[in-house]
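Okay, so here's the structure we're looking at.
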Amino acid sequence: MKKKFTFFICILLVLSVTFLGCNSAEEEKHNQDPNKKEETTKASNVYIEDILINDKSKEETEKILKEKYIDESFKKKITILCKDKSYELTLKDLKVNYNKDKIIKEAYEALENKSESKKLKLTLNYDKTSLDSFVNKLSKETYKKESNARFSIKDSSKIEIIKEQTGLDLDKTKLKNDIISNIISLHNLKENPSIKASIKETSPKITSEKLKSINSKISSFSTTLSGSKERVNNITLGAKHINGTLLMPGENFSFYNSIGLVSKKTGFMEAPAIIDNELKPSVGGGLCQVATTLYNSILRANITYTERSKHSIPPKYVAPGLDTTVFGSELDYKFKNTLKYPIYIEGSVKDNKITFTVFSNSSLNSYKYDYTSSVYAKVPNSTKYIKDSSMPKGKEIIDKPGSTGLKVKVYKITLKGGKQISKKLFYEDYYKPLDKIVKVGV
């Protein structure tokens with residue numbers, strides 16, 4: 001009996017020790033887990049570039065960033081290879097500013113908040129105006145305007161085609177993007193980077209291949225000059241503006257656009273011109289004769305007008321009905337090249353005459369065209385008398401001479417082999433009579 005009791009006591013002791021041991025283990029486990037979690041949180045790493053900042057002060061981090069990345073970046077140069085030249089660009093040129101203070105603040109906030117591991121990158125700002133200025137400078141130095149094939153004509157007979165030239169144009173958008181990409185990554189580059197600028201070739205609109213069909217004169221027309229030296233100056237200058245005009249099939253011509261701004265600054269002078277039914281001084285006086293001469297030359301190339309206005313008074317340098325008047329954009333002379341070949345217009349002033357000659361394909365000479373006009377009716381004008389008390393009584397002075405009205409028919413004549421094969425009415429014009437004004441003293 002005593003032995004059984006002793007055995008029972010031993011069993012109770014063993015159970016008690018086991019229970020207490022388990023409780024101690026659970027308590028130790030309970031106490032240790034939070035510590036382990038805290039150690040894991042503290043172990044989260046925060047980097048700026050490849051700098052681990054966990055064990056560094058802000059001052060230490062800033063110093064390392066400056067020395068290792070920022071200062072080294074400012075020592076580097078970006079080389080831009082542009083055609084046969086090279087250009088250097090530094091961060092100082094672009095007024096670059098690294099946002100290190102902002103990045104350091106963000107990094108240490110992440111560290112204090114015990115957030116997940118982070119790897120932050122240096123960012124920067126640059127001056128867009130400086131970049132634009134640099135790229136525009138390169139563009140200007142690289143740019144080469146394409147030039148169309150053109151003609152050199154001597155004595156209205158020998159025709160020489162001067163070959164076109166391809167142009168060059170810097171791809172500014174691509175170069176800007178390449179530079180920005182390089183300055184952003186410059187602090188991580190071991191070597192000075194280089195960029196090959198992209199240069200696009202620009203093709204001319206008119207090539208020698210397109211012009212080879214122009215091989216002959218197809219029409220010409222001249223008018224005789226008269227009037228003051230200022231008027232002759234305006235006519236000569238106008239002819240120079242038109243000379244060398246090349247029109248491809250389907251292209252339009254505007255006298256106003258070809259002449260450009262008519263002012264004393266552009267070389268034009270004051271000379272008589274028909275304004276409000278009478279001759280008045282006007283800058284560019286005489287340009288109507290330029291337009292009229294061109295008009296007749298183009299008609300004889302079998303190209304009609306798309307816009308044309310007659311004078312209020314028939315000019316003396318051409319037959320009635322074969323004139324055209326111009327005045328800025330309000331009264332323009334326009335036509336469209338309706339031929340299947342390009343045309344080249346040569347304008348000149350020589351031997352007291354202005355001449356326009358049209359060149360195109362020799363096949364067009366199979367037919368020739370001429371234009372004549374016929375006055376089929378004259379409309380008498382009236383005489384008006386105006387009393388003038390400032391004049392002696394009974395004295396008469398002609399203030400405005402007036403003019404007889406004319407009704408005109410213009411005919412288009414077609415010739416083949418020098419012989420007329422048709423004559424057709426082209427249009428009719430009517431020049432209204434202008435009253436004669438006489439002042440009478442009272």
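Modelled spin labels at residue 375 and residue 393, positioned 7 Å past Cα toward Cβ, are 4.1 nm from each other. Please report the base-10 log of the normalised intensity I(q)/I(0) for segment 153-222, using a Debye sum with one equal scatterer per alpha carbon and no solvent, at each q in 0.16, 0.19, 0.22, 0.26 (1/Å). One equal scatterer on each Cα of segment 153-222 leads to -0.74, -0.88, -0.99, -1.14.
The residue among 195, 441, 363 whose Cα reaches farthest toward the positive pole of the charge dipole of the chain, with charges on the beta-carbon of Lys, Arg, Asp and Glu, is 441. Over segment 291-362, the fraction of Cα-Cα pairs per 10 Å bin, rounded to whole percents and listed from the shortest bin up, is 18, 48, 30, 4.
Here, the chain has an Rg and a Dmax of 45.8, 180 Å when only alpha carbons are counted. Dividing the helix sum by the residues of the chain, where each DSSP H run of 4 or more adds -39500 (n - 2.57), gives a mean residue ellipticity at 222 nm of -9500 deg cm²/dmol. For the listed residue pairs 240/340; 229/384; 280/439; 212/416, the alpha carbons are over 31 angstrom apart in 229/384. What distance in nm separates the simple spin-label points at residue 146 and residue 330, each placed 7 Å from Cα in the Cβ direction? About 4.0 nm separates the two model spin labels. Grab the beta carbon distance between residue 206 and residue 66, set R0 = 41 Å, and tell me the FRET efficiency rounded to 0.05. Calculated transfer efficiency: 0.10.
The spacing between segment 353-374 and segment 42-69, judged by their C-alpha centroids, is 86 Å.
Spread over its residues, the convex hull of the C-alpha atoms of segment 213-441 is 140 Å³ per residue. Loop-resident trypsin sites (Lys or Arg not before Pro) (DSSP state other than H, G, I, E or B) in segment 135-198 with no more than 16 further Cβ atoms inside 10 Å of their Cβ: 145, 163, 190. At most 16 other C-beta atoms within 10 Å and a DSSP loop state: those are the exposed GluC sites (Glu not before Pro) I care about. Give me the longest piece of the chain that has none. Between the exposed loop sites, the longest stretch runs 331-442. The translational diffusion coefficient of segment 326-412, from Stokes-Einstein at 10 °C and 1.306 mPa s with a Kirkwood hydrodynamic radius over alpha carbon pairs, comes to 83 µm²/s.
Taking the 0 to 90 degree range and rounding to the nearest ten, how far is the long axis of helix 172-185 tilted relative to the main principal axis of the chain, both from C-alpha atoms? The helix 172-185 is inclined about 20 degrees to the chain.
Laboratory data are not the source of any read-out in this text; all were calculated from the coordinates shown. These numbers were taken from a predicted model, which means no experiment stands behind them. Quick reminder, even Gly has a Cβ in these numbers, built from the backbone with ideal geometry, and neighbours come from all protein chains shown.
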